[in-house]
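The structure appears below as structure tokens.
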Amino acid sequence: MLCLERTFDKSQDQIADLSFARVGEWKDRHPGAKVIGYFPVYAPVEIIHAAGMLPVGLSGGGDRLDIQHADARFGSFICSIIKTTLEMGLREHLKMFDGILFSSICDSARNLCFVMKRNFPDLYTDFLHLPHNPSSTASVDFLASEYRRLIQELERIGGHEVTEAGLKNAIALYNHNRQLIRHLYALRAQKPHVLRAWESYVLVRAGNLMPVEEHNVLLEESLQELTQRPGKPRDSIRVVVEGAFCEQPPLDLIKLVEDAGCYLVDDDFVIGRSWFTEDVPVNGDAVHALAESYVNRAVYSSVRHDFRAPRWEGLAEKVKRSRADAVLFLIAKFCEPAYFDYVLFKQKLEKIGVPHLLLEFEEKQFTFDRVRTEVETFVESLVFD
Amino acid sequence: MPEVKQTEYRGSIHQRQKDLMLKWYERLNEAAETGTPPTASLMISGNCVELLEAFGAVPIYPEVNALQLAIRHQSLEPILAAEEIGYAPDNCAYVKADIGCYLKGITPTGGKLPKPDLVLCNFVGCNTYVKWFEHTAVLTGSKLYVLDVPFLCEDEPSQAAIDYVVRQLKEVVTLLESITGKKFDYDRFTEAVRCSAEVEELWSQIKHLARRTPSPFDAYFDAITLMGPLYVYRATPEGVEFFRAALEEMWQKVASGQGVYDQEKFRLVVEGPPPYPYFRTFRDMFAKWKACAVASTYSTVGGLWEFGARHDPDHPFESVAMHMLSQNVTNRNYLQRYEQIKRYIEEWNADGLIIHFVKSCRLFSAGQGDMRDYVTKTLGVPTLYIESDLEDPRYFAEAQTRNRIDAFFETLEHSKLTAKAV
Ligand code: SF4
Ligand code: SF4
């Protein structure tokens, strides 16, 4: 039987481990097999899996990495995850990786891709253009061709053919993984006193570092245990977190927000792990199914543009679905996509009368006094309203 | 220390460009007053203005409006208005100035700007473009179309990327047909593409004149002056006429040995947009040292033609797609920009690189420290790195910038003298 507390602690240690020991263990067990990292937010992990490789979701350096070199390369006004990712490379934390994927999320990340390419010529560095015009019928075809290009590259590096059966198997595994994560979120929204946001966060994020098969077992067992877990309702308001889709806030900040009187009933932390609203179809051509799902079945996100379905409507819907009292914008310093979206999100929330609070964070942040006061004041203003 | 020297563009092109730009604003004003001609908002970089021409539609360029405001020292008020409704200090100030103008009813000339019939976002590298035009569409209630252009991660775009863009261009044609009520005029489109090709050829020849010593114009500051007509009139006979005259004027300068300064002392490549709110002040900081830009990456935002690419009237759709995909600096990857700078330094015979880090613009600036590392260490070329903003006057530290520029040229002068002595 699995002890939930130990699982959460272990997951917490794993996500903070910048030596990627867990990934190293996998490599030891699979001599010659390759590891492909991907910068947030989303990557078609099924393809990497089908190429016999381990996809690893990167999430920056957290609060454990001093920046010694990367500041000189990226200067002011650039978010921290860009610098810590480069720093990890420059300080040999990425030795375990054979390749890194980036995608069209923002200008800083895109430039980082090519800076990495120059600085680490032995690393396979690639950039995926994920389409921003889903209304065009040409989008799916283009993305499918982009995925086929990726397949060719991975076959070249890994020497392992990507087969239709392998892709379908991977899709099924990840569909299951996403279903389990959706269950976890549903449970949290329903019983936030039983599962805290930081616990579900570390559990989901730990999946970035292990094979999906293992993560599925971990999630299944945890969900099983959670049905028995006692929990005492707290006096908290129900809050949706928006804006932390790429650089991740310090764990202490998530805990603090909960302790200050918030149930975090939904969020966009490591959202790439639950990117689709429903299963990717397994009948028909697998590459096409993945591309078509990105275009038609993806969650709303500040880094994915779909003017058929405005993101602010997505947020309003999320608030309604999770019966939230308020929205907490947790935005990484200098994160331009999040800050632009903030304006339209805010307008929508004001129109439908949902209170909101904006907090800026950096992955490396150690003092939270001001934040605590702000959250407490916000909660009080709602409770005594 | 040399005296501060103010510079003027010495020729007739400057006035002609002003007249052309005013005429453009007059047409926009007419559209606002009468509803014709039809208009569409468009981004400067790698755009498909030729399609608009085919419908007799006039482009609205919010970036041009924003920079005009900044040059006229009017950008702060709209920026603050945008921040008041929630835009962050770190959002691109071009967007804030544009949105603020809309909120406050400010225009660069005081005339009216029309509500665009179509907000056509040519997403060409800059992710902010998508956000900006999405916000514009929400504010104005106009129809939005995002023309998604795959980023150029390899040397050349793939056939799949070209097909993707062509298919979207054809969707835009259908959209414009329904918006304007006019049938697509293929001949007019081809003619627009032909004009673009001609303007590109002329512009490219102008840029190549900067290889001469002295350069007849400053390929950063003067190139920016020429960029207005380049964007607004590229696909029109007026554009062709303007650039013919410009080229002729440049040749006359070359023939008489006239450079930007009586004696050109330094030749530079400049990377990054200028600080428009301090455009003149900034220019004078270089003029003081008789330092002439012979090439600049910013002047290739609209198109990178000096290395040979052109629109092609025989393949109009494909060549518009190629232009959007690969022939503008914003959709090319960062290492291609390094290569571009390297070619400028070598082929335009430059002494150093100026990197102007612009706070607003991650597209240009994210990673410029690495670029400096490459240029100084790998190429062994002196590089100056300065920071401010292209639109927001609050980020220009005048004394500090001047000191850094002076120190850079003092060192450069010294090393030139030492090199001569050896
Ligand atoms: S945190 Fe925001 S700005 Fe930074 S890389 Fe991620 S999406 Fe881009
Ligand atoms: S981010 Fe840069 S390229 Fe994009 S709109 Fe702003 S100034 Fe222009």
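The values are calculated or read from the model by the stated rules, or taken from the named source; none is laboratory data. Fair warning: this is a prediction, and the values are worked out from it, not measured in the lab. Reconstructed Cβ throughout: ideal geometry from the backbone, glycine too, with neighbour counts over all protein chains shown. Surface areas here come from the heavy atoms of the whole protein model, side chains and all, with no ligands, DNA or RNA. Shrake-Rupley method; radii C 1.70, N 1.55, O 1.52, S 1.80 Å.
Dividing the C-alpha radius of gyration of chain B by 2.2 N^0.38 Å, with N its residue count, gives 0.96.
Computed over all pairs of different Cα atoms, the Kirkwood value for the hydrodynamic radius of segment A:27-74 is 12.9 Å. Could you list log10 I(q)/I(0) for segment B:189-421 at q = 0.16, 0.17 Å⁻¹, which the Debye formula gives when each Cα is one point scatterer? The computed values of log10 I(q)/I(0) come out as -1.18, -1.31. Give the shape of segment B:330-422 as rounded, prolate or oblate, defined through the alpha-carbon gyration tensor: a ≥ b ≥ c are the square roots of its eigenvalues, a/c under 1.5 means rounded, and otherwise the shape is prolate if a/b is larger than b/c and oblate if not. The shape class here is oblate. By a 1.4 Å probe calculation restricted to protein chains, B:V294 has an accessible surface near 0 Å², given to the nearest 10.
Counted over all Cα-Cα pairs of the protein assembly as shown, pairs farther apart than 53 Å make up 13 percent. With contacts taken as Cα pairs under 8 Å and at least 6 residues apart, chain B reaches a relative contact order of 20 percent.
Under 5 Å from the amide H of A:D268 lie the amide H atoms of A:V241, A:G243, A:A244, each residue being 5 or more positions distant or on a separate chain, with H modelled from the backbone and absent for Pro and chain starts. Mean projected area of the Cα convex hull of segment B:137-188, taken over all directions, amounts to 5.3 nm².
Taking each of A:K333/B:K143; B:K96/B:K143; A:K255/A:K318; A:K333/B:K377 in turn, the alpha-carbon distance tops 26 angstrom for A:K333/B:K143; A:K333/B:K377. Note on B:K288: lysines with a C-alpha under 18 Å away, same-chain residues under 8 apart excluded, are B:K5, B:K265, B:K416. Ligands, DNA and RNA left out, the accessible area of the protein assembly as shown computed with a 1.4 Å probe is 50% carbon and sulfur. Only alpha carbons enter this Debye calculation for segment B:90-230, each as an equal point scatterer, and the log10 of I(q)/I(0) it gives at q = 0.14, 0.18, 0.21 Å⁻¹ is -1.03, -1.36, -1.34. For segment B:384-392, putting each phi into the Karplus relation 6.51 cos²θ - 1.76 cosθ + 1.60 with θ = phi - 60° gives couplings of 10, 10, 10, 10, 6, 9, 8, 9, 9 Hz, in residue order, rounded to whole numbers and with x for Gly and Pro. Pairing the Cα long axis of helix A:212-228 with the longest principal axis of chain A, what angle in degrees results, from 0 to 90 and rounded to the nearest 10? In chain A, helix A:212-228 runs at an angle near 20 degrees to the longest axis.
Please report the buried accessible area for the interface of A with B, total over both chains, probe 1.4 Å, in Å² to the nearest 100. Chain pair A/B: roughly 4500 Å² of buried accessible area. Report the longest stretch of chain A that contains none of the GluC sites (Glu not before Pro) sitting in a DSSP loop with at most 14 other Cβ atoms within 10 Å. My reading of the result: A:162-277 is the longest stretch.
Entry note, segment B:189-421: relative contact order of 22 percent, from Cα contacts under 8 Å with a spacing of 6+ residues. Measuring heavy-atom accessible area with a 1.4 angstrom probe and counting protein chains only, the residues of segment A:136-150 that give up at least 50 Å² relative to the chain alone are A:A138, A:F142. For chain A, the ratio of Cα radius of gyration to the globular rule of thumb 2.2 N^0.38 Å stands at 0.95.
Counting heavy atoms of the protein chains alone, B:K115 has an accessible area of about 120 Å² for a 1.4 Å probe. Measuring nothing but how far apart in sequence close Cα pairs (under 8 Å, 6+ apart) lie, relative to its length, chain A scores a relative contact order of 21 percent. Karplus-derived 3J(HN,Hα) values for segment B:44-50, using 6.51 cos²θ - 1.76 cosθ + 1.60 with θ = phi - 60°, are 5, 5, x, 9, 10, 4, 4 Hz; glycine and proline are entered as x. Principal-axis analysis of the Cα atoms of chain A puts helix A:369-383 at an angle of about 60° to the longest axis. Ligands, DNA and RNA are left out, and with a 1.4 angstrom probe the accessible area of chain B is 35 Å² per residue. In whole percents, the pair-distance distribution calculated for segment B:28-182 from its alpha-carbon pairs, binned every 5 Å from zero, is 2, 9, 18, 21, 20, 14, 9, 6, 2, 0.
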